[in-house]
Amino acid sequence: MVKIAPSILSADFLNLGRDIEKTVEGGADWIHIDVMDGVYVPNISFGFPVLKAIRPLTDKTFDVHLMIANPSDYIDEFIDSGADLLNFHYEAETHIDRAIERIKSKGAKAGITLNPATPISVLETILPKLDMVLIMSVNPGFGGQSFIPYTLKKIEELRKMADRLNPSLIIQVDGGVNKDNIKSIVDAGADVCVAGSAVYKDNEIEKNIKELKEACK
């Protein structure tokens, strides 16, 4: 069964703790935390203090997505603040092998994110070392964008590569996921779907998560 990882970037920041609790009660599998620095992407979001503050609210997997420049400089701090799975952008890191090894040495799972225009082929040599690959289905930096259709083919290609090189790899998809397209995303090979606006719209979190899970069947 596909996992749903609500992105708290779309939650009510004034009531973030409440929304996270409602997200967990509503059946979320993971909590997706988008970290943006205003450099690698044009938006700014959460940092270490927020992660530390919300960590006691749940034992659900904290899936931390680093949309930042020089991500390897901050690996220790994010894992120490509560990240269970840390993924960084392939395009943002020079020393990818070193970053993966550092994440794993700290006891967290390691993932890499690919922007929509980055081909799957760049992962050929490093895929066996990864726990997860995140396929961006929008250009990173803001919530509420529309799903880019050609990323379905990338998911299919990655699934085939993973079957060959790393069968236990988790494939995550983030960007424009909703109840109308989630079935096609899962059918293409996704294991985890990140949803922001589709979960937090109209403040009907439990209902929206349930609809996403039902739409996958």
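The values are calculated or read from the model by the stated rules, or taken from the named source; none is laboratory data. A quick note: this is a predicted structure, and the numbers were derived from the prediction, not measured. Cβ atoms come from the backbone with ideal geometry, glycine included; neighbour counts cover every protein chain shown.
General observations
- Sub-7 Å Cβ pairs linking a first residue in the stretch 150-178 that is in contact (Cβ under 8 Å) with a residue 12 or more places away in the chain to a second residue that is among the hydroxyl-bearing types (S, T, Y), at least 6 apart or interchain, are T151/S137; L152/S184; V173/S137; D174/S137; G175/S137; G176/S137; G176/S146, ordered by first then second residue.
- So G111, is it in contact with a strand residue (DSSP E or B) (Cβ under 9 Å, 6 or more places away or on another chain) and at positive phi: no
- Any hit, the stretch 117-130, residues being in contact with a strand residue (DSSP E or B) (Cβ under 9 Å, 6 or more places away or on another chain), touching a residue at least 24 places away in the same chain (Cβ under 8 Å), in a strand (DSSP E or B) and within 30 Å of L57 (Cα to Cα): no
- Search result, residues across the stretch 157-183 that are more than 21 Å from G27 (Cα to Cα) and either hydroxyl-bearing (S, T, Y) or loosely packed, with under 15 Cβ neighbours inside 10 Å (or both): K160, D163, R164, P167, S168
- Flag if K207 is of a type in the set (D, E, K, R), modelled with pLDDT under 95, farther than 26 Å from H95 by Cα and surrounded by fewer than 20 Cβ atoms within 10 Å (Cβ to Cβ): no
- Selected residue (criterion: nearest to K153 (Cα to Cα)) from residues of the stretch 123-140 that are β-branched (V, I, T) and either at pLDDT below 95 or surrounded by fewer than 14 Cβ atoms within 10 Å (Cβ to Cβ) (or both): V138
- N203 touching a helix residue (DSSP H, G or I) at 6+ places or on another chain (Cβ under 9 Å) and in contact (Cβ under 8 Å) with a residue 60 or more places away in the chain: yes
- Test: K217 is touching a Leu at 6+ places or on another chain (Cβ under 7 Å), part of a loop (DSSP other than H, G, I, E, B) and more than 20 Å from H65 (Cα to Cα): no
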